[in-house]
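Engineer: Mind having a look at this structure? Questions to follow.
Every read-out reported here was derived from the displayed coordinates using simple, explicitly stated rules and does not represent laboratory data. Note that the coordinates shown come from a computational prediction; the quantities given were computed from them, not determined experimentally. Positions of Cβ are backbone-derived with ideal geometry, glycine not excepted, and every protein chain shown enters the neighbour counts.
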Amino acid sequence: MSTPKFKNPIVRWIDYRLPIFSFLDHEMHEYPTPKNLNYWWNFGSLAGLMLVIMIVSGIVLAMHYTPHVSMAFNSVEHIMRDVNYGWLIRYIHMNGGSMFFIVVYIHIFRGLYYGSYKKPRELLWMIGVVILLLMMATAFMGYVLPWGQMSFWGATVITNLFSAIPIVGKYIVSWLWGGFSIDNPTLNRFFSLHYLLPFVIVGVVVLHVLALHKHGSNNPLGIDTKGPQDSIPFHPYYTVKDYFGVGVFLIFYAALVFFSPNFFGEPDNYIPANPMATPTHIVPEWYFLPFYAILRAVPDIWFIEAKLGGVIAMFGSILLLFVLPWLDHSPVRSARFRPTYKWFFWILLVDCLVLGWVGANPPDALFHGVPFVVIGRIATAWYFIHFLIVLPLLGFFEKPRPLPTSISEPVLKGGGKLAGATAKPMEKA
Amino acid sequence: MAESLQASAGAGHGPGAHGEGTRRDFLFLATGAVAAIGVVSLAWPFIDQMNPSADTLALSTTEIDISHVEVGQAITVLWRGKPVFVRHRTPEEIKEAEAVNVADLRDPQTDAQRVQKPEWLVMVGVCTHLGCVPLGQKPSDPKGEFGGWFCPCHGSQYDTSGRIRKGPAPRNLEIPAYTFETDTLLLVGAEAKKS
């Protein structure tokens with residue numbers, strides 16, 4: 001640091017006292033990043049972008065929304081019809097929820113494929129699961145605010161999950177409701193928390209990024225960077241790549257907002273909430289469908305009644321992810337070098353899609369003569385078998401393919417020999 | 001390392017080309033321009049949403065029935081969240097207002113500039129000093145030294161034409177846009193109406 005890093009004297013003056021510019025330069029400019037990241041690594045920054053979009057559009061919506069049972073629905077219609085560009089901002093926020101989950105689910109499955117949860121990134125992964133849980137809570141409460149039929153009955157169903165807890169369940173539920181059913185107190189507290197939680201998410205995201213930057217990004221090969229020849233500075237190489245990804249992503253997002261804004265929505269939610277009549281077919285938002293299928297799949301098992309079993313299975317399916325770094329104890333990270341795991345990864349992905357499809361259908365409906373609940377049970381069972389049995393066993397029995405000695409090696413030599421020579425061409429920089 | 005890579009990738013031109021932009025410079029500027037246009041055009045909806053919404057604008061005119069207001073009486077009507085003073089002036093009040101030497105006024109205006117029909121004085125009842133509502137609408141109210149209105153907050157005094165005569169207020173009471181729909185029906189805020 002003998003030569004000053006910044007030319008601008010004001011920046012230098014500030015940085016000497018508050019090293020904010022050094023910090024940004026270190027974390028977002030020179031930050032060494034593996035040079036072989038593919039486009040699946042774009043989804044982390046896209047998730048960050050979505051968080052910002054949701055907070056900005058949400059703050060604006062809160063300026064026009066009224067959290068009261070007799071006014072909430074109409075205030076949303078007021079936003080749609082009267083507020084300048086209110087329709088645009090609401091559709092950005094409404095579809096933003098879906099886009100956020102699409103991005104985050106891809107981000108999670110990328111982590112699963114490339115083993116990004118393995119040592120030394122276990123905490124990074126676990127913090128990510130915390131973010132997922134916070135997102136789910138935020139999304140759920142946000143969906144209640146328009147106070148349509150799906151809002152009301154979705155809230156009723158989900159809060160009633162807690163009544164499955166033995167003995168204290170019913171007290172917890174009336175505590176959540178602030179009454180004897182979903183009503184004005186519930187709507188008010190959900191609005192308050194829906195506004196609060198995104199900022200909690202921001203805080204946890206900071207921890208997520210801190211944990212990431214300690215050891216740097218994983219990469220498609222799943223091997224550690226061996227030195228400066230394996231990495232490139234974050235700026236301009238990954239800023240420009242992220243920027244390109246943002247462009248493609250926003251085209252997709254904007255197409256949804258402008259041409260099919262209600263694609264992910266439920267028509268029933270444009271009917272004001274009515275505590276006297278339940279819609280014939282209640283479904284949660286698409287991003288909760290797999291969990292909804294798990295909830296409904298569990299039958300009475302021994303002394304655990306189906307209701308409690310379903311709740312345990314549903315929460316268990318997420319909590320399981322916290323211990324994933326220890327369930328999958330194979331030392332090889334990337335599925336590229338795990339011939340058997342690679343197959344199980346794709347089966348798990350299909351399994352989750354099947355669960356989502358089952359969740360969207362009534363449980364007693366038939367698919368070619370097979371009740372959906374049966375398909376749901378098989379898929380739920382497989383989900384747990386994958387994590388609790390397959391992954392631990394693979395660690396013992398799978399024979400991984402040989403790993404390249406460095407990130408540069410397969411790039412420069414098509415994946416062959418020449419371990420020693422690889423470092424040289426880049427080193428003079 | 002970054003510099004050497006950038007230089008060697010500087011497409012088309014050699015790195016030494018003087019005064020000429022490279023293709024990379026062009027791409028960089030073009031991308032930045034597109035992004036800037038996108039951000040600005042998206043920023044506008046987020047700014048404009050705080051402007052009055054359609055339902056607020058729909059309530060921006062108020063009709064006032066003045067058929068029951070006798071000579072010497074005054075009514076106060078809410079328009080855009082503010083009181084509007086409608087005074088049916090007596091001939092003495094009109095004469096008094098017209099007799100004032102305009103050159104002596106802080107905010108020079110003739111009485112004729114402030115009314116459409118001399119017997120009807122229509123004003124926004126908000127003191128131009130700091131926004132209080134002046135007294136003088138009720139017969140029991142203090143009307144100040146000039147027989148018009150008296151602001152209790154800081155003692156501004158208005159005459160029978162609503163002009164500032166004494167006290168801290170800088171300007172005469174504001175005249176809203178209004179029209180006589182009929183002889184007995186006023187429409188206040190008509191400038192907001194498109195038709």
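Engineer: List the chymotrypsin sites (Phe, Trp or Tyr not before Pro) in region B:36-127 that DSSP assigns to loop (not H, G, I, E or B) and whose Cβ has at most 12 other Cβ atoms within 10 Å. Which are they?
Structural biologist: none
Engineer: Please name which of A:Ile10, A:Ser151, A:His386 has its Cα lying farthest along the dipole of chain A towards the positive end, using unit charges on Cβ (Lys, Arg +1; Asp, Glu -1) and the Cα centre as origin.
Structural biologist: A:Ile10
Engineer: With a point put 7 Å past each Cα toward its Cβ, work out how far A:Met80 is from B:Thr110 in nm, to one decimal.
Structural biologist: Distance between the two pseudo-spin positions: 5.6 nm.
Engineer: For region A:197-257 and region B:115-135, what is the separation of their Cα centres, given in Å?
Structural biologist: Cα centroid to Cα centroid, the span is 61 Å.
Engineer: Next question, about the same structure. Over the whole of B:44-55, what's the average partner chain Cβ count within 10 Å per residue? Rounded to a whole number, please.
Structural biologist: 6
Engineer: Hey, can you grab everything whose amide H is under 5 Å from the amide H of B:Trp120? Only 5+ residues off in sequence or another chain; H modelled, so Pro and N-termini drop out.
Structural biologist: Long-range HN contacts for B:Trp120: B:Arg89.
Engineer: How far is it, in nm, from the label point at B:Phe26 to the one at A:Leu18 when both lie 7 Å from their Cα along the line to the Cβ?
Structural biologist: The answer from the label model is 4.3 nm.
Engineer: Can you tell me the FRET efficiency between A:Ala306 and A:Phe180 if r is taken as the Cβ-Cβ distance and R0 is 35 Å, rounded to the nearest 0.05?
Structural biologist: So the FRET efficiency works out to roughly 0.90.
Engineer: Taking only Cα atoms, what is the 0 to 90° angle, nearest 10, from helix A:72-81's long axis to the longest principal axis of chain A?
Structural biologist: 60 degrees
Engineer: Which of these, A:Thr340, A:Thr138, A:Thr186, has the largest mean-square fluctuation under a Gaussian network model of chain A (Cα springs below 10 Å)?
Structural biologist: A:Thr340
Engineer: Restricted to Cα positions, what overall size does the protein assembly as shown have along the principal axes? Three whole-Å values, descending.
Structural biologist: 109, 78, 43
Engineer: Calculate I(q)/I(0) for region A:182-293 by the Debye formula, one identical point scatterer on each C-alpha and no solvent, and give its log10 at q = 0.12, 0.19, 0.20, 0.23 Å⁻¹ to two decimals.
Structural biologist: Log-scaled intensity ratios, in q order: -0.83, -1.29, -1.32, -1.35.
Engineer: Right, here's the next one. Taking the Cα centre of each part, how many Å lie between region A:1-49 and region A:321-378?
Structural biologist: Cα centroid to Cα centroid, the span is 39 Å.
Engineer: Tell me which cysteines of the protein assembly as shown come out unpaired when the rule is another cysteine's Cβ under 4.7 Å.
Structural biologist: If one checks each Cβ against the other cysteines of the protein assembly as shown, A:Cys352 turn up with nothing under 4.7 Å.
Engineer: Helix A:149-160 against the longest principal axis of chain A: what's the angle in degrees, Cα atoms only, rounded to the nearest 10?
Structural biologist: 80 degrees
Engineer: At what distance in nm do the modelled label points of B:Leu185 and A:His29 sit from each other, each positioned 7 Å from its Cα along Cα→Cβ?
Structural biologist: So the two model labels end up 6.9 nm from each other.
Engineer: What average number of partner chain Cβ atoms lie no more than 10 Å from the Cβ of the residues making up B:31-37?
Structural biologist: Partner Cβ neighbours, averaged per residue: 1.
Engineer: Take peptide A:78-84, look around each residue's Cβ out to 10 angstrom, count Cβ atoms belonging to other protein chains, and average those counts.
Structural biologist: Rounded to a whole number, the mean comes out at 5.
Engineer: Now for a separate question. Measure nothing but the geometry: give the 0 to 90° angle between the long axis through the Cα atoms of A:43-62 and the longest principal axis through the Cα atoms of chain A, rounded to 10°.
Structural biologist: 40 degrees
Engineer: With r as the distance between the Cβ atoms of B:Asp55 and A:Val240 and R0 = 45 Å, compute the FRET efficiency 1/(1 + (r/R0)^6) and round to 0.05.
Structural biologist: Taking R0 as 45 Å, the efficiency between A:Val240 and B:Asp55 is 0.50.
Engineer: Filter the chymotrypsin sites (Phe, Trp or Tyr not before Pro) in region A:229-287 down to the DSSP loop ones having no more than 13 other Cβ atoms within 10 Å, then list what survives.
Structural biologist: Passing sites in region A:229-287 are A:Phe263.
Engineer: Follow-up. What are the membrane-span-like helices in chain B by this rule: whole DSSP H runs, Cα extent along the axis at least 20 Å, mean Kyte-Doolittle hydropathy at least -1.0?
Structural biologist: Answer set is B:23-48.
Engineer: Just to be sure I understand: with springs between alpha-carbon atoms less than 10 Å apart, which residue in A:Val11, A:Val202, A:Val390 has the highest mean-square fluctuation in the Gaussian network model of chain A?
Structural biologist: The residue with the greatest mean-square fluctuation here is A:Val11.
Engineer: Starting from 0.36 nm per residue, how many nanometres of slack lie between B:Ile75 and B:Glu98 once their C-alpha separation is accounted for?
Structural biologist: Full extension of this stretch gives 6.1 nm more.
Engineer: Can you tell me the Rg and Dmax of chain B, counting just the alpha carbons, in angstroms?
Structural biologist: 29.6, 91
Engineer: Next up: Tell me which residues come under 5 Å, amide H to amide H, from A:Arg338 once H is placed; ignore anything under 5 positions away on its chain.
Structural biologist: A:Arg401
Engineer: Further, regarding this structure: GNM, chain A, Cα, under 10 Å: largest mean-square fluctuation among A:Thr33, A:Thr380, A:Thr405?
Structural biologist: A:Thr405
Engineer: Further question on the same structure: If you average the C-alpha positions of region A:271-299 and of region A:112-143 separately, how far apart do those two centres end up, in angstrom?
Structural biologist: First find each Cα centre; the distance between them is then 24 Å.
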